[in-house]
Amino acid sequence: MNLVYAASACVAIAATVMVITRRNAVHALLYLVVSLLAVAVIMLLLGAAFVAALEIIIYAGAIMVLFVFVIMLIGPRNDTVNPRTWVGPVILGLVLLAELVYVITSGKATSVAVKEVTPRQVGIALLGPYLIGVEVTAFLLLAGLVGAFHLGRRLAVSLGRKGD
Amino acid sequence: MIMSWMWLIPALPLLGFIVLATLGRRMHSAGVAAVGTGSVGLSMIASAAAVWLFWVSAPPGGSVTVTLWQWVSAGSFSPSVSLTLDALSAVMIMVVTGIGFLIHLYSVRFMGGEEGYSRFFAYMNLFVGSMLLLVLAGNLLLLYLGWEGVGLCSYLLIGFWYADPENGRSARKAFIVTRVGDVALVVGLFLIATNLGTLDIATVASRAVSTWAPGSAIAVAAAALILGGAVGKSAQLPLHTWLPDAMAGPSPVSALIHAATMVTAGVYLIARTHVIFTLAPDVMMVTAIIGIAGVLVAGFSALAQTNIKRVLAYSTMSQLGYMFLALGVGAWSGAIFHLVTHAFFKSLLFLAAGVVILAMNHEHDIFAMGGLARKTPYTFWTFLLGALALTALPPTTAGFASKELILSRVWESGSGGRILWVLGILGVFVTSVYTFRLIFTVFGGKPREASPSNHPAQGHDEAHRGALKEGLAAGRDGRQAGVIMGVPLLILAVLCVVGGFLDLPRTLGGSPFITRFLETALPAGNHATEMPLSTDSILQIISEAVSLLGIPVGWLVSRRAVRIVTQTRAPEARPGFVRFFSGGMGFDWLYDRVIVRPFLWLWNVNKRDVADRISDGAGGLNMLFSRALRFTQNGRVRWYAAGVAAGAALVIAAAVLL
Amino acid sequence: MASVPFEYGLAVAAALFLLGLVGVLVRRNLLFILLCVEIMLNAAGLAFIVAGSRWGQADGQVMFIFLLSMAAAEVAVGLALILLLYSRHKDLDSDALGVGSVQDEDERQRLARRGDA
């Protein structure tokens, strides 16, 4: 199992590196999808099958597709990156990485046997103690929906199509 | 009995000042004159009464002290406001209030119609009040208060016609140069206060005698510093350059402040603290040298002046030199007597000169005057009497008596005294020459027309000036221009004639009234009878002959000068030595080069000085930070995100490390 | 399932998160920035899962679900905004779209001066 774990971790990290260094938007997108899949595998290995599935369905399946739609609408925008601008953020990132790793590993190492958490448990938790969170999420989604719809109407107007 | 109302003597003029300063603008000019002159007049009556009572009652210790209140009470230093009336201050208050009253009376008419009439009398009253405080002070701190007060009034009155910036410059020059002396005096007072623990004059005298050894460094230092203060106030070398320029003020001011009273404050100070000076014989010698140097420098400078008041100014400086010479050889009462007689004849000369100036439409150049003996006879005769007193010639006795008192003491004062005596005689000669040069130029020769008005102030009341000009130029002079101006001249002239009887020399009978009177305050010394009468007589004959010799020499010099001027040679064409003398023997030039210019250079260089740089640096640092921090507000979203990330890094690091 | 040291999982999440952060800081195109934000969100979610798995509770997954829905809403609105911006400015460069800064002004002036000289 550790091997699979390590392999998917490497794939995730490598794919993410590719995401942030590609010029072509579509390429970056696709690499991101790969990364998401690798992360889903990791989640599976950690016993969270439900969210692994959710990750693929919603994250890779819906959100990335949204991105694809937008790229389709706008047209391929290529982003040129000056190599010089990498220096600062990379250093910053490395510093932060070092700090986080230090914090993470400073506690005692724990290895507990992985227990699978079934969707049933998740469902009970959602509709039990986290009920309010579910309701709020509903609000959030409604807000997102309304906002996107409203902005879409303005977009239709500005693009010159006759709105209804 | 004097004690209960002695405080009125300085208080009345000060009260006059307050009234005039607050209400003067709204008062009628007659009221202003009444208050201004009346306050001094009342003070004069009070002084006369006080002196009479003092003389009659002969209080023990020779002095009456009134302590008004405790001024400062700081530990062991507790000077009080106390007034002391002894023989010395009695003489001084009579001079100040008497001559002050006459000059105030004269100014009623002289300054009539001037804008700032009430301001003038307010300042004059303040001056008289401060001077009285100075001479009546029983405490050196109170004396210094009066000292500063008269310095302030001198500045205010020299620059009275403030519209002309030159007058302001002269006033500032006077103030600054005397300031140098004042600093020396203050340091001297500090020295005395810390060393002897008191500033009360009588206590200082007794403690100094008991604790300071003669010739010790502390006595020399204290005496030298007091001398410094006196030198500044009395316009002696090297702090004398302000007196000729102080003539920018009105003639009554020159008469009162720069002839009779303020400039004699230095002489008074040294006489008052003579105990300290007798403990430092070297300083006394320096005083004598400064005195005789002043006599000669001022005398020669007076020979080349063209401004009538400047001649009199240098003459004042020269006569003050005689007083310092007297102080330097220990002839304390001689110096004070000369102070009194000098007040008589010098103020007479200044007041008469004021009439002359008015008659010539504010003309000050003596070569623009002439023949006034016939045009203004009254003024001529009074001026002549004053001049005769100055040169110690008959029929006036005042100048003669006092000068002989000084010169005979000088001759007796040891081997150096002979040299000083010779130089003193030279001074008598020069005095006579410049005096008669002045008289022959102004009053002799052909009459000249009055030139158009060159009044020192601008924006003056032309109508009034015109009326006065007509009155005077048409031949009416002091007497008819106003009894008010003529009476003081008359009184002073009479005093010049008879004043000598206050202390006639032995050779003429001897009536050492003043010396005896002052003995309670100023030791007369016991060398007065050492010189044989015959030597005394010969010396006096010599000095009289020298003085008489000055008359024809003065006449010759005056003729030549007038001839030169009427042949319209430009002033720059005068011979070099004449220009040298006319410029006060180069002292102004020297001070300008050595002191003023380097100071201005330093000021220019240091314009952005260290303190400025520090405060600028604070501002500059601020701007530096601002410029650096500006970069954080660049509108780039990624930059802000980087800021957030960096902050997170810092916080985690802080949490981890701390 | 075998035991997996959970520190590795958190470290992977941290690495992914920081990669996303670097991406946000480096890229200029708004679309890419949004993409990198998604990476960061995903990494955070992974961290939650790891934590939940450690304790064997459903809480981690619940948090991930919330996070997912939030990301979805955010992407929807964000992309709509990007489309609007693009339609107005025809440019998705975040620097160009940003509020004018002092340095930009200085640079513009310097370039103008150099152009004149």
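Enumerate the residues in the stretch B:1-39 having an amide nitrogen under 14 Å from the point lying 7 Å beyond the Cα of residue B:53 toward its Cβ. Zone members listed by number: B:1-10. How large is the translational diffusion coefficient of the stretch B:328-407 in µm² per second when you combine the Kirkwood radius over alpha carbon pairs with Stokes-Einstein at 25 °C and 0.890 mPa s? Value of D from the Cα-based Kirkwood radius: 180 µm²/s.
Atom-type composition of the exposed protein surface of chain A places 73 percent of the accessible area on carbon and sulfur (1.4 angstrom probe). Taking a ≥ b ≥ c as the square roots of the Cα gyration tensor eigenvalues, with a/c under 1.5 meaning rounded and otherwise prolate when a/b beats b/c, else oblate, which class fits the stretch B:240-303? Oblate, since a/c reaches 1.5 and b/c is not below a/b. The B-C contact accounts for approximately 1100 Å² of buried accessible area, totalled over both chains at a 1.4 Å probe radius. The residues packed around residue B:331, meaning those with a beta-carbon under 12 Å from its beta-carbon, carry a net charge of -1 if Lys and Arg are +1 and Asp and Glu are -1.
Taking all protein chains together, B:67, B:306 sort by accessible area into B:67, B:306, largest first [probe 1.4 Å]. Cross-link pairs exceeding 27 Å between alpha carbons, from the set B:233/B:375; B:173/B:309; B:233/B:607; B:346/B:375; B:403/B:446; B:375/B:403: B:233/B:375; B:233/B:607; B:403/B:446; B:375/B:403.
Can you give the FRET efficiency to the nearest 0.05 for residue A:135 and residue B:624, using r as the Cβ-Cβ distance and R₀ = 60 Å? It comes to 0.65. The long axis of helix B:637-657 is offset from the longest Cα principal axis of chain B by roughly 90 degrees. Out of every Cα-Cα pair that chain B contains, those further apart than 49 angstrom amount to 19 percent. What shape does the stretch B:172-267 take by its C-alpha gyration tensor, where a ≥ b ≥ c are the square roots of the eigenvalues and a/c under 1.5 counts as rounded, a/b above b/c as prolate, and the rest as oblate? Prolate is the answer for the stretch B:172-267, as a/c is 1.5 or above and a/b outweighs b/c. First check a/c for the stretch B:76-206, with a ≥ b ≥ c the square roots of the eigenvalues of its C-alpha gyration tensor; if it is under 1.5, answer rounded, and if not, answer prolate when a/b is larger than b/c or oblate otherwise. Here the stretch B:76-206 falls in the oblate category.
Taken across both chains, chains A and C shield about 6800 Å² of accessible surface from a 1.4 Å probe. Going by alpha carbons, how many degrees (0 to 90, nearest 10) lie between the helix axis of B:415-443 and the longest principal axis of chain B? On a 0 to 90 degree scale, this one is about 80. For the stretch A:79-118, trypsin sites (Lys or Arg not before Pro) are listed when DSSP marks them as loop and at most 12 other Cβ atoms sit within 10 Å of their Cβ; the list is A:108.
Take the Cβ atoms of residue C:81 and residue B:605, set R0 to 60 Å, and the FRET efficiency comes out at 0.40. The simple spin-label model puts a point 7 Å past each Cα toward its Cβ; for residue B:183 and residue A:24 those points are separated by 8.8 nm.
Quick one: order B:179, B:638, B:374 from most to least accessible surface, probe 1.4 Å.
So, going from the largest accessible area down, we get B:374, B:179, B:638.
Among the residues of the stretch B:606-641, which ones have their accessible area go down by 10 Å² or more when all the protein chains sit together, as opposed to their chain alone (1.4 Å probe)? Listed in order, they are B:630, B:631, B:633, B:634, B:635, B:636, B:637, B:638, B:641.
Restricting the calculation to Cα atoms, the stretch B:6-57 shows an Rg/Rh of 1.13 when the hydrodynamic-style radius is the Kirkwood one. For chain B, the solvent-accessible area with a 1.4 angstrom probe is 40 square angstrom per residue.
Each label was represented as a point 7 Å from its Cα along the Cα-to-Cβ direction; for residue A:149 and residue C:88 these points are 2.3 nm apart. Computed over chain A, the Cα gyration tensor eigenvalues convert (square root of 5λ each) into semi-axes of 33, 27, 16 Å, ordered from largest to smallest. Residue by residue, the stretch A:85-100 carries 3J(HN,Hα) couplings of 6, 6, 4, x, x, 5, 4, 4, x, 5, 4, 5, 4, 4, 4, 5 Hz when phi is fed to the Karplus relation 6.51 cos²θ - 1.76 cosθ + 1.60 (θ = phi - 60°); x denotes Gly or Pro.
Charge tally for residue B:201 (other residues, Cβ to Cβ under 15 Å; Lys, Arg +1; Asp, Glu -1): 0. Heavy atoms of the protein chains alone define the surface here; on that basis the stretch C:11-59 has 25 Å² accessible area per residue at 1.4 Å probe size.
PRE reach from residue B:658 (point 7 Å along Cα→Cβ): which of the stretch A:81-114 fall under 20 Å by backbone N? Backbone N within reach: A:96, A:99-100, A:102-104. Annotation: residue B:164 carries an accessible surface of approximately 40 Å², with a 1.4 Å probe and no ligand, DNA or RNA atoms counted. Across all directions, the shadow cast by the convex hull of the protein assembly as shown built on its C-alpha atoms averages 66.0 square nanometres.
The figure for residue B:115 is an accessible area of roughly 120 square angstrom, using a 1.4 Å probe on the protein chains alone. Just so you know, the Rg over Rh for the stretch C:15-101 is 1.11, from Cα atoms, with Rh as the Kirkwood radius. For residue B:216 and residue B:542, the difference between the fully extended length at 0.36 nm per residue and the C-alpha to C-alpha distance is 113.4 nm. For chain B, the longest principal axis of the Cα atoms and the long axis of helix B:217-233 meet at an angle of about 80 degrees. Under Stokes-Einstein, with the Kirkwood radius over Cα pairs as Rh, the value for the stretch B:15-122 at 4 °C and 1.567 mPa s is 81 µm²/s. With the simple spin-label model, which puts each label point 7 Å out from Cα in the Cβ direction, the residue A:115 to residue B:419 separation comes to 12.3 nm.
Each of B:245, B:365 has its accessible area taken with a 1.4 Å probe; listed largest first, they run B:365, B:245. Each 5 Å bin from 0 upward holds the following percent of the Cα-Cα pairs of the stretch B:220-350: 2, 13, 24, 25, 18, 10, 5, 2, 0.
The values are calculated or read from the model by the stated rules, or taken from the named source; none is laboratory data. Since we're looking at a predicted model, the values are computed, not measured. Please note: Cβ atoms are built from the backbone with ideal geometry, for glycine as well, and neighbour counts cover all protein chains shown. Calculation scope for accessible area: heavy atoms of the full protein, side chains included, ligands and nucleic acids excluded. Shrake-Rupley method; radii C 1.70, N 1.55, O 1.52, S 1.80 Å.
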